[in-house]
Amino acid sequence: MRVAPNLKKLVIYRLYDMEEFKRFTLSSIENEKKSFSERLETETAHFSNEEKEEYFGWISEDYFMIKDVFTQISMRSFIVILFSYVENGMNMLCNVEYSDKARYHKKEGLEELKVKHTDMEGNGIKRAKLYLEKIIGCNLHSDKKPWSEIDTLRKIRNTIVHDDGKANSSLKNDGNFKQHIHDGRLKLANHNNIEIEPSYLDYILEKVREYFTEIDLKFT
């Protein structure tokens with residue numbers, strides 16, 4: 001019995017965990033904003049308009065921390081974790097497909113399969129994709145939208161991890177990224193800082209699910 005199909009089902013099923021984490025992330029952001037607003041309303045209930053204006057000036061940094069810093073750190077953290085999930089899922093598929101195909105070769109008296117995905121050039125999801133397509137013979141449907149969106153996710157993740165969230169020329173020229181900017185799922189603020197909207201989390205989670213669902217694990 002092949003292991004890979006069951007692992008694929010597990011990877012897809014565990015995306016529900018990412019859905020729950022997304023809800024937790026967005027809920028935490030909204031709760032923090034609500035808590036701040038309620039505290040502000042209570043503390044300024046008996047202030048005159050002039051006193052409120054002065055008080056708002058004092059706490060503007062706190063508001064900035066919640067509205068911009070806390071929110072974007074949370075959103076960026078989700079992106080980094082989601083990409084790690086995708087990468088780990090693909091690497092696990094490489095491992096079980098190697099085991100499945102190696103057993104098949106042995107059973108059929110074929111040449112021993114020695115190449116593992118870690119023997120391939122490159123790294124990350126591109127190496128895993130190359131291995132599953134060229135060595136195992138799976139169809140990842142990498143000509144379709146879900147894969148290109150995952151590759152854009154990779155660029156966004158790398159920008160967050162390596163460039164403090166500042167979009168480089170490669171990312172700004174990415175067709176999917178441009179579309180997300182146009183549709184408001186992503187924004188570019190001062191100094192090319194990427195701002196992630198909740199709608200992007202919804203969008204990319206669905207594309208990740210589509211990608212893993214459509215993978216054809218039949219090997220050649």
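The values are calculated or read from the model by the stated rules, or taken from the named source; none is laboratory data. Remember, predicted model here, so these are calculated numbers, not experimental data. For neighbour counting, all protein chains shown are included, and Cβ atoms are generated from backbone atoms with ideal geometry for every residue, glycine included.
For Arg76, indicate whether it is touching a strand residue (DSSP E or B) at 6+ places or on another chain (Cβ under 8 Å), in contact (Cβ under 8 Å) with a residue 12 or more places away in the chain and either assigned to a loop (DSSP other than H, G, I, E, B) or not polar (S, T, N, Q) (or both).
On the way: touching a strand residue (DSSP E or B) at 6+ places or on another chain (Cβ under 8 Å): yes; in contact (Cβ under 8 Å) with a residue 12 or more places away in the chain: yes; either assigned to a loop (DSSP other than H, G, I, E, B) or not polar (S, T, N, Q) (or both): yes.
Yes.
Let's see how each residue does on (1) modelled with pLDDT under 75; (2) under 18 Å from the mean Cα position of the chain (by Cα):
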{"position": "Tyr16", "(1), (2)": "no, yes"}
{"position": "Lys22", "(1), (2)": "no, yes"}
{"position": "Leu26", "(1), (2)": "no, yes"}
{"position": "Glu30", "(1), (2)": "no, no"}
{"position": "Asn49", "(1), (2)": "no, no"}
{"position": "Tyr55", "(1), (2)": "yes, no"}
{"position": "Ile59", "(1), (2)": "yes, no"}
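Summed over the range 101-152, the residues that are of a type in the set (Gly, Ala, Ser), closer than 30 Å to Gln179 by Cα, without any contact (Cβ under 8 Å) to a residue 40 or more places away in the chain and in a helix (DSSP H, G or I) give a count of 2.
Is it fair to say Lys178 is free of Cβ contacts under 8 Å to residues at least 12 places away in the same chain and assigned to a strand (DSSP E or B)? Steps first, answer last, please.
Details: free of Cβ contacts under 8 Å to residues at least 12 places away in the same chain: yes; assigned to a strand (DSSP E or B): no.
Against the criterion (free of Cβ contacts under 8 Å to residues at least 12 places away in the same chain and assigned to a strand (DSSP E or B)), Lys178 does not qualify.
Does the range 106-116 contain any residue that is more than 17 Å from Leu217 (Cα to Cα) and under 17 Å from the mean Cα position of the chain (by Cα)? No, every residue in the range 106-116 fails to be more than 17 Å from Leu217 (Cα to Cα) and under 17 Å from the mean Cα position of the chain (by Cα).
Output the number of residues of the range 129-184 satisfying the condition of being among the hydrophobic types (A, V, I, L, M, F, W, C) and within 17 Å of the chain's Cα centre (by Cα).
Final tally of qualifying residues: 10.
Scanning the range 185-220 for residues that are within 17 Å of the chain's Cα centre (by Cα), in contact (Cβ under 8 Å) with a residue 12 or more places away in the chain, surrounded by fewer than 18 Cβ atoms within 10 Å (Cβ to Cβ) and over 13 Å from Leu15 (Cβ atoms) yields Glu195, Glu197, Pro198, Ser199, Tyr203. Could you list all residues from the range 160-175 that are touching a residue at least 60 places away in the same chain (Cβ under 8 Å) and surrounded by 14 or more Cβ atoms within 10 Å (Cβ to Cβ)? Within the range 160-175, Ile160, Gly165 qualify.
Which count do you get for residues in the range 78-114 that are modelled with pLDDT under 95 and either more than 30 Å from Lys207 (Cα to Cα) or loosely packed, with under 14 Cβ neighbours inside 10 Å (or both)? So the answer is 13.
Can you name every residue in the range 34-53 that is of a type in the set (S, T, N, Q) and within 24 Å of Phe70 (Cα to Cα)?
Ser35, Ser37, Thr42, Thr44 - these are the residues of the range 34-53 that are of a type in the set (S, T, N, Q) and within 24 Å of Phe70 (Cα to Cα).
Just name the residue that is farthest from Arg2 (Cα to Cα) out of those in the range 126-141 that are surrounded by fewer than 20 Cβ atoms within 10 Å (Cβ to Cβ) and either in contact with a helix residue (DSSP H, G or I) (Cβ under 7 Å, 6 or more places away or on another chain) or not aliphatic (A, V, I, L, M) (or both). Across the range 126-141, the extreme among qualifying residues is Lys126.
Taken over the range 70-125, the criterion of being touching an Asp or Glu at 6+ places or on another chain (Cβ under 9 Å) and among the β-branched types (Val, Ile, Thr) is satisfied by Thr71, Ile125.
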